[in-house]
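The structure appears right after this line, and notes come after that.
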Amino acid sequence: MTDADRPSWNQRIIRCKVTGHVGDLGVSASIVSPSSEVPAFINARFLGDGAKVPVSEFPEVGSVLDAVVLGYHQSGEFRLSAQESSLERAGA
């Protein structure tokens, strides 16, 4: 995927796998469907609807989640949301 391809992923529903916890900031993930080698990150406030999700409620490493691509960081990493409300809006 090139930088030019990334914007076309915005608001796309994808499936990702949690690859690690990043302190209390959120979780790192890999996109499994559609397949991509680009790393991803879900901020703690986008792990659930409502308030920022506490570390004790982060999904376990290896968990598979549906998420929406919000955009990407200047480093190239995808920014995702696993909020139910985001998934509903993207699916509409």
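The values are calculated or read from the model by the stated rules, or taken from the named source; none is laboratory data. If you're wondering where the values come from, they're calculated on a predicted model, not measured in any experiment. Glycine also receives a Cβ, built like all others from the backbone with ideal geometry; neighbour counts cover every protein chain displayed. Areas reflect the complete protein model, heavy atoms only, side chains present, ligands, DNA and RNA absent. Shrake-Rupley method; radii C 1.70, N 1.55, O 1.52, S 1.80 Å.
Please enumerate the residues belonging to region 43-61 that are open to solvent by less than 40 Å² (accessible area, probe 1.4 Å), over 11 Å from the mean Cα position of the chain (by Cα) and of a type outside the set (Val, Ile, Thr).
Residues satisfying the conditions are GLY48, PHE58, PRO59.
Quickly run through region 1-42 and pick out the residues that are open to solvent by 60 Å² or more (accessible area, probe 1.4 Å), modelled with pLDDT of 95 or more and polar (S, T, N, Q).
Residue satisfying the conditions is THR19 alone.
Going through region 62-77 one residue at a time, which ones are under 23 Å from SER33 (Cβ atoms), out of contact with any Phe, Trp or Tyr (no Cβ under 6 Å at 6 or more places or on another chain) and open to solvent by 50 Å² or more (accessible area, probe 1.4 Å)?
VAL64, ASP66, LEU70, HIS73, SER75
Could you say which residue among GLU37, GLU60, GLU84, GLU77 is charged (D, E, K, R) and touching a residue at least 40 places away in the same chain (Cβ under 8 Å)?
Sole residue among the options that is charged (D, E, K, R) and touching a residue at least 40 places away in the same chain (Cβ under 8 Å): GLU60.
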